[in-house]
1. So which GluC sites (Glu not before Pro) in segment 571-617 end up in coil per DSSP with only 15 or fewer other C-beta atoms within 10 Å?
2. Provide, in order from the shortest bin, the percent of all Cα-Cα pairs of segment 555-604 in each 5 Å bin, continuing until the bin that contains the maximum pair distance.
3. L554 versus S585, label points 7 Å from Cα toward the beta carbon: distance in nm?
4. Based on C-alpha coordinates, I'd like the Rg and Dmax of segment 699-784, in Å.
5. Label Y848 and K200 with points 7 Å out from Cα along Cα→Cβ: what is the distance between them in nm?
6. Roughly how many nanometres apart are two label points built 7 Å out from the Cα toward the Cβ at Q726 and N510?
7. Given the peptides 85-93, 665-673, arrange them by the average over their residues of other C-beta atoms within 10 Å, most packed first.
8. Consider just the alpha-carbon atoms of segment 40-183 and return their Rg together with their Dmax, both in angstrom.
Amino acid sequence: MFPKESESEKSVFWRDFIEYFILITGILLTFLLSTYSYLLFHSIAEVISIVISGGIFFIGWNSRKYMNSSFFLIVGTSFLFISVIDLFHTLSYSGMKIFLSYDANLPTQLWIAARYWQSVSYLLASLAINKKVNASYLMGSGVIIISILFYTIFMGLFPTCFIVGQGLTPFKIVSEYVINSILLASILILYKFRNEFDKKIFFLLVISISTTMVSELAFTFYVSVFDFSNLIGHILKIVAFFFIYKAIIEIGLTNPFGLLLRKLKLSDESLRQKADDLELTHSEFNQIFNASLPLRVINKGCEIIRVNHTYTNLFHISEKKILGMKCYDPALTPLGHLCDTDKCSMKQIEEGKEYYEYELTTKLDEGTEIVSIVQSVPYRNTKGEFVGIIQNFTNITERSKFETAMKKSEEKYRKLVEDSLEGIWVIDDETNTTFVNQSMADMFGYEIDEMIGVNLYEFMDENGKKIAEENFERRKQGIEEDHEFEFIHKSGKKVFTTLKASPIFDEDGNFEGAMAFVSDVTERKIAQEKIADMARFPLENPNPILRLSNNYVLLANKASQNLFRIGEGSRIPDVLTSPVNVAFSKNKNIDMELEIKDRIYNLFIVPIKGKEYANIYGMDITARKEAEENLSRFVSTVSHELRTPVSVLTMSIEFLENHADKITPDIEKKLREGISRNIYLLKDLIEDILTLSRLDDGKGKMKWNKYQPSLVLKDILTLMEPIGNQKNITFSVDISDDIKLYGDSKKVDQIFRIFIDNAMKYSNEKNSIKVIAVDHYKGQYNTNAQDGVLFQFEDNGIGISEKDIPSIFQRFFRSDQVSDIPGTGLGLPIAKELIELHNGEVYVESEYGNGAIFYIFLPRIEKDIYNN
């Protein structure tokens, strides 16, 4: 009659499945990340463990209020200090350049100190099961110990753990085995007291400690802090902390009272042997109900026979009113129930379940909603007869709100994946395409729908198919690899790519397909082929090509003669003497960069085997270096701009989680407004960055068509006038319907929208905005004297200061005078680049406090010119 599995059990299964999938995917991504930057990988791995350590401290510290066992208190407090040491370990790692006077020994010493503390904390916590430890003494001892450790480490008194150029010291290696011995002892003691834990918690704790042991073994083999065993050790550390997270943080948040409810059942069993009463003794029952858990007892007749003060305070109802009422009584409808469904707790327990839970939403009189997890266990008399149920209500309102917000943000993150500049391609176990993002489709010249369902081998020639079949067999064997591959574009041309391919397996280990991150390297490949071709004709090569003996220049093309001021028979230039000597003495190729005459060159020195000369092939890479520097600045700026809204969101959510008892409706309103404002700011920033990225990569394709500017502006004002009316802003438009231009009407719409939005955003109450078009304009804003239209956007808002005018079209620039007004600093730069795509010009006149006038000149060009 009733389903065998409750909805909560299904949700737990899917939640665990998703978490393990995320773990595996995260490990794959971090492994791939390590190939790009090991330092970044290390920082992310350590930050994950530091955050989890903080959560473990939060759970462990707060458990002291109602737990007779000090296990979680000792583990939680220890992990607080471990996270501090791990933070210093991360900051001192080779390449971070923070502790400049120390070498790689410092992070290794901090690492071994943290792991000793972790292993000893597990051992002491295991020995303290069913014992009470004074929390203040525990915290004080931790402060003393960490102070001593930092003093000995930074003063050079701590034993050396790593010697640069040699590797690990015997002390470090022996310590790892000692730590593993302590961890093994902890597992044995935990096994002895396994009945004191929930089975799932015990299982997860043992897996976490065991994974930590394997991780420590990995850290006994590395010579360099960047080598493979060090990488494996950090990945295993992530796995170990994932399981300790599930054991303590996740279960502590989703089912913090599972242990207590279990104890209630055990108490009931023991009472059967001690009393003939129908229910628990008065003192024992009161002891349970005086806990800080919202509890109620319902008899078999569905009457509420007992509630505690925590329950009545949570639901704003008096004990006198609720006692004796049926749990489904209409008067209690706002409390919510599932008594008329198969999910009824009484029905589920009567069917033989020892534990049942479901999520319940309660609507209070003042309109407030409380979301709680209702956990039920059987209530039996001393004869073992079922007489009712005991229920605990866990308030998850804030968590539910957070999860709702996260679900809303999933669509935004999905959009980020789809808009990724790197191609993402997923195939099933029969090599049929199941997913591609827009970048992947654009790379091959297709629409996304055209690629979905198409077999992988349709995008390559016969030779490529043979190679791909071999590669796919390796995916089935679980092999991940990076390699180059040649595909066929929709137009028939070749597309050279690099792939990072990974297999996909289901939870049972069955092969489901593969996923690849694909980068288009066609331009680079063509450039390499050009270099090889030019090397065969050195005299015609515009790049420097030389042939040298040990001391003299044998051959030199014109480019190298001008660059180094040499001729055939000249002595080797001084800047080349040292690398050429190394190439000859070690008979190895040398790849180097050299800056000459404000230009940067890449030189490849190749000693010819069996000959007494070497060839030098050069290439001017100045433009590439400048592009790399521009990219670096761009990434740095974006990171800076993202930091502020992300920090606000983080602090707001932490405040909601940690200070729920102090939140007033006014504070809650302000926090929600701040979260909403910063989420929309992040959305605008991401959309602006993607627009600029497409423009920078030349992917901002123009769709030329004939358009009427007056209609474009009319459509914009239809949407934006209601917003302007809120500030009593009036609009005045003077654009002739006879004006028609050729261009990308959507991009013109975006240009006009940016200037009108800025005029509204930086205007006060009762402002006016004027838009004027001057056809066949000839004047100072038409520098090339072309036939075209001048658009003038005028407002009497706050204006722009004289010192800020030269910077307003720079990316991310925002004046100090508008710091309190939300914005990304990307609107005007985007508008300027879109105007330039139309061969147009933009100018501004303004005086701070007296509004601003933006002049946009768009030239009139014939249709056939665009089509060429």
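1. Working: sites: E593, E595, E612; in loops: E612.
When the GluC sites (Glu not before Pro) of segment 571-617 are filtered for loop state and at most 15 Cβ neighbours within 10 Å, E612 remain.
2. 4, 17, 26, 29, 18, 4, 0
3. Result for the modelled spin labels: 2.1 nm.
4. 14.3, 41
5. So the label points at Y848 and K200 sit 6.0 nm apart.
6. 5.2 nm
7. Taking the mean over residues of other Cβ atoms within 10 Å, the ranking is 85-93, 665-673.
8. Taking only Cα atoms of segment 40-183, I get Rg and Dmax of 16.0, 52 Å.
Read-outs: derived from the displayed coordinates by stated rules, not from any lab. On a predicted model such as this, the values are computed, not experimentally measured, just so you know. All Cβ positions, even for glycine, are placed from backbone atoms using ideal geometry, and neighbour counts span all protein chains on display.
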